[in-house]
Amino acid sequence: AQSVAQPEDQVNVAEGNPLTVKCTYSVSGNPYLFWYVQYPNRGLQFLLKYITGDNLVKGSYGFEAEFNKSQTSFHLKKPSALVSDSALYFCAVRENQAGTALIFGKGTTLSVSS
Amino acid sequence: NAGVTQTPKFRILKIGQSMTLQCAQDMNHNYMYWYRQDPGMGLKLIYYSVGAGITDKGEVPNGYNVSRSTTEDFPLRLELAAPSQTSVYFCASSYSGTKDTEAFFGQGTRLTVV
């Protein structure tokens with residue numbers, strides 16, 4: 001069965017520093033991976049996805065993610081964090097067949113201090 | 001273009017009461033989903049639909065029912081509310097169920113059962 005793990009409940013970084021939010025996955029076959037962000041009292045917003053091709057995927061708000069097949073990871077990164085990046089981040093994988101839903105990790109709270 | 005609209009935003013129910021959470025999308029998406037979000041647990045799939053007249057169970061369907069009479073609407077029904085159903089509910093939709101398609105989320109319904 002497909003699964004996603006986010007090993008950190010919370011990540012704290014100072015504004016201007018690089019940030020990484022970790023995600024590992026387990027799927028049979030090729031993975032289709034997604035990152036979403038949730039601001040307080042809001043729904044989830046799509047950030048980026050990995051389908052195939054370049055292992056470094058660029059997305060919204062300056063975020064990028066690096067796909068590493070050997071480590072089964074899909075870590076979210078940003079070179080310089082902003083206080084406004086503080087939110088809850090979810091990694092997700094779609095099951096390896098059409099017509100199914102996204103499977104989400106438990107989420108990681110990112111806190112960026114000024 | 002409103003996207004995915006959920007109503008109500010908040011609701012308090014007494015144990016044993018019933019209610020329907022409404023979800024509508026105006027993007028002509030075939031696929032729709034209901035998730036519940038509990039603190040530290042991520043999102044769990046309740047039900048999903050691949051088109052009008054077709055629904056299927058997700059990971060946590062017990063205590064819920066759905067219907068999909070039109071492409072636009074996907075209501076979630078709670079028949080006998082229980083405290084364990086206290087949660088934030090998110091409706092989502094996607095253009096197709098192919099593996100590379102991201103989902104779009106509504107703003108959520110915060111439900112408390114007392």
| note | Counting only residues that are within 13 Å of another protein chain (Cβ to nearest Cβ) and either surrounded by 14 or more Cβ atoms within 10 Å (Cβ to Cβ) or in contact with a helix residue (DSSP H, G or I) (Cβ under 9 Å, 6 or more places away or on another chain) (or both), region A:9-21 contains a total of 0
| request: Test A:V21 against the criterion of being more than 27 Å from B:S96 (Cβ to Cβ) and among the hydrophobic types (A, V, I, L, M, F, W, C), and give yes or no. | output: yes
| request: Under 7 Å between Cβ atoms, at least 6 apart or on separate chains: pull out the pairs that start in region A:87-114 with a residue that is under 18 Å from B:D38 (Cα atoms) and assigned to a strand (DSSP E or B) and end on any residue that is among the basic types (K, R) and at pLDDT below 85. | output: A:L102/A:R94
| task | Scan region A:60-71 and give yes if some residue there is without any contact (Cβ under 8 Å) to a residue 40 or more places away in the chain, aromatic (F, W, Y), closer than 28 Å to B:N30 by Cβ and touching a Leu at 6+ places or on another chain (Cβ under 9 Å), otherwise no. | result | yes
| In region A:34-49, is there at least one residue being more than 10 Å from chain B (Cβ to nearest Cβ), more than 16 Å from A:H75 (Cα to Cα) and not small (G, A, S)? | yes
| note | Scanning region B:101-114 for residues that are under 24 Å from B:G51 (Cβ atoms), within 9 Å of chain A (Cβ to nearest Cβ) and in a strand (DSSP E or B) gives B:F104, B:F105
| said: Just checking, does region A:92-103 include any residue being more than 14 Å from every other protein chain (Cβ to nearest Cβ), in contact with a strand residue (DSSP E or B) (Cβ under 6 Å, 6 or more places away or on another chain) and not aromatic (F, W, Y)? | reply: no
| message | Kindly evaluate A:T24 against the criterion of being in contact with a strand residue (DSSP E or B) (Cβ under 9 Å, 6 or more places away or on another chain), surrounded by fewer than 20 Cβ atoms within 10 Å (Cβ to Cβ), away from every other protein chain (no Cβ under 12 Å) and at positive phi. | response | no
| When you go through B:P75, B:P8 one by one, which is the residue that is out of contact with any helix residue (DSSP H, G or I) (no Cβ under 6 Å at 6 or more places or on another chain), exposed (fewer than 14 other Cβ atoms within 10 Å of the Cβ) and in contact (Cβ under 8 Å) with a residue 40 or more places away in the chain? | B:P8
| remark: Note on region B:61-100: residues part of a loop (DSSP other than H, G, I, E, B), facing chain A (nearest Cβ under 8 Å) and touching a Ser or Thr at 6+ places or on another chain (Cβ under 9 Å) are B:G97, B:K99, B:D100
| message | Exactly one of these conditions fails for B:I54: (1) within 10 Å of chain A (Cβ to nearest Cβ); (2) among the aliphatic types (A, V, I, L, M); (3) surrounded by 14 or more Cβ atoms within 10 Å (Cβ to Cβ). Give me its number. | response | (3)
| query | With B:Q17, B:Q37, B:Q25 as the choices, which residue is touching a residue at least 60 places away in the same chain (Cβ under 8 Å), farther than 20 Å from A:F34 by Cα and crowded, with 19+ Cβ neighbours inside 10 Å? | reply | B:Q25
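The values are calculated or read from the model by the stated rules, or taken from the named source; none is laboratory data. If you're wondering where the values come from, they're calculated on a predicted model, not measured in any experiment. Quick reminder, even Gly has a Cβ in these numbers, built from the backbone with ideal geometry, and neighbours come from all protein chains shown.
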